[in-house]
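Written below as structure tokens is the structure these notes are about.
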Amino acid sequence: MGYKGIIFDFNGTLFWDSEKHELAWKRFSKDLRGHELSDEEIRLNVHGRTNKVILEYILEKTFTDNSFETLSKEKEKVYRDMCLDDIASFKLAPGATKLFDYLKEKHIPFTIATASGKENVLFFIEKFNLDKWFDTDKIIFDDGTILGKPEPDMYIKASKALNLDPKDCIVFEDAISGVEAARRANIGKIIVIAPTEKEDLFKNLSSVSGTIVDFNFNKEFLELD
């Protein structure tokens, strides 16, 4: 029996923008606490996390209200400007749209579960024409009510949006925290998209079924019904 649906992480997975997020957060960290985030801090405390959690880490405080939102919006404006200024890189990952077309043709349900907030999600939908393939009402994002990765909530909610049990879903991820979130959600198959030099980060994780360098792979690998 094969898998029945697919959930994609977005940033770093469908859109290779990790460098821009890292640069924006490094600038913010320097402004807020006098020094940049280290690469290790970014790996452990930024990728896959919600902005609230990242800002709490940088500022070493807990937000009990929405006072973090001004800083969050400021950072995301910097990030979106970076995207628009780098037109050559402002595109979906290689093979992504072909995979979307294949899934639509085969009537395989799929959606996105991302730590991005609503403003960024709307930005992505518009700029990448995501509504051509996705039911945008089923995209799961950081709306302030869902615990971020590595908690399983986003992937559990995405599975429900597809009317599927998590064990019947495949997740595509690029971050350690996202892999852990998918594992805790009891996702059936976890595939990591990573350049060859980063494969070592994931190859020893028993929860990862395999790694790919982009979405131009043999579709039989998905083991779909």
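How much mean residue ellipticity at 222 nm does the chain get from its helices, if each DSSP H run of length 4 or more adds -39500 (n - 2.57) and you divide by all residues, to the nearest 500 deg cm²/dmol?
Per the formula, -12000 deg cm²/dmol.
To the nearest 10 degrees, how steep is helix 18-33 against the longest Cα principal axis of the chain, on a 0 to 90 scale?
For helix 18-33, the angle is close to 20 degrees.
What percentage of the solvent-accessible surface of region 91-149, computed with a 1.4 Å probe over protein heavy atoms, is contributed by carbon and sulfur atoms?
48 percent
Taking only protein heavy atoms into account and a 1.4 Å probe, give the accessible area per residue of the chain in Å².
50 Å²
If Lys and Arg each add +1 and Asp and Glu each add -1, what is the summed charge of the other residues whose beta carbon sits under 10 Å from the beta carbon of Thr114?
Spelling it out: positives minus negatives among the neighbours equals -1.
From the phi angles alone, apply the Karplus equation (6.51, -1.76, 1.60; θ = phi - 60°) to region 177-182 and give each ³J(HN,Hα) in whole Hz, x where the residue is Gly or Pro.
Coupling constants for region 177-182: 5, x, 4, 5, 4, 5 Hz.
Tell me which residues come under 5 Å, amide H to amide H, from Gly5 once H is placed; ignore anything under 5 positions away on its chain.
So Gly5 has HN proximity to Ile170.
What is the dipole size for region 88-159, taken about its Cα centre, with +1 at each Lys and Arg Cβ and -1 at each Asp and Glu Cβ, in debye to the nearest 20?
Once rounded to the nearest 20, the dipole reads 320 debye.
Which of the listed residues, Leu71, His47, Tyr3, is farthest toward the dipole's positive end in region 1-136, when Lys, Arg count +1 and Asp, Glu count -1 at the beta-carbon?
Of the options given, the answer is Tyr3.
Among Phe141, Phe123, Phe15, determine the one that fluctuates most according to a GNM of the chain built with springs between C-alpha atoms less than 10 Å apart.
Residue with maximal mean-square fluctuation among Phe141, Phe123, Phe15: Phe123.
What is the magnitude of the charge dipole of the chain about its Cα centre, with +1 placed on the Cβ of each Lys and Arg, -1 on the Cβ of each Asp and Glu, and no other charges, expressed in debye to the nearest 20?
300 debye
What percent do you get for the relative contact order of region 14-165 when only Cα pairs under 8 Å and 6+ apart count?
23 percent
Given [x] 61, 36, 34; [y] 48, 46, 31; [z] 53, 35, 35 as candidate values of Cα extents along the principal axes in Å, which corresponds to the one derived from the coordinates?
Derived directly from the coordinates: [z].
Mind telling me which of Asp200, Asp168, Asp142 comes out most flexible in a GNM of the chain, alpha-carbon contacts under 10 Å?
Checking each option, the largest mean-square fluctuation is seen for Asp200.
With the Cα gyration tensor of region 125-201 in hand, convert its eigenvalues to equivalent ellipsoid semi-axes via √(5λ) and list them largest first in whole Å.
21, 17, 13
When N counts the residues of region 184-225, how does its alpha-carbon radius of gyration compare numerically with 2.2 N^0.38 Å, as a ratio?
1.21
Residue by residue through region 151-163, what is 3J(HN,Hα) from phi via Karplus (6.51 cos²θ - 1.76 cosθ + 1.60, θ = phi - 60°)? Round to whole Hz and write x for glycine and proline.
Per residue, the Karplus-derived 3J(HN,Hα) values read 5, x, 3, 4, 6, 5, 5, 5, 4, 5, 4, 8, 6 Hz.
Quickly rank 33-43, 171-181, 70-80 as a protection proxy: mean count of other C-beta atoms within 10 Å, highest first.
In decreasing order of mean packing, 33-43, 171-181, 70-80 become 171-181, 70-80, 33-43.
Spelling out what I want: for every residue of region 96-104, take phi, set θ = phi - 60°, compute 6.51 cos²θ - 1.76 cosθ + 1.60 (Karplus), and round to whole Hz; glycine and proline get x.
Calculated HN-Hα couplings, in order: 5, 5, 5, 5, 4, 4, 4, 5, 5 Hz.
Assign unit charges at the C-beta atoms only (+1 for Lys and Arg, -1 for Asp and Glu), then state the dipole size of region 26-108 relative to its Cα centre in Debye, rounded to the nearest 20.
240 debye
The values are calculated or read from the model by the stated rules, or taken from the named source; none is laboratory data. These numbers were taken from a predicted model, which means no experiment stands behind them. When we count neighbours, we look across all protein chains shown, and the Cβ atoms used for this are built from the backbone with ideal geometry, even at glycine. For accessibility, only protein heavy atoms count, side chains too; no ligands or nucleic acids. Shrake-Rupley method; radii C 1.70, N 1.55, O 1.52, S 1.80 Å.
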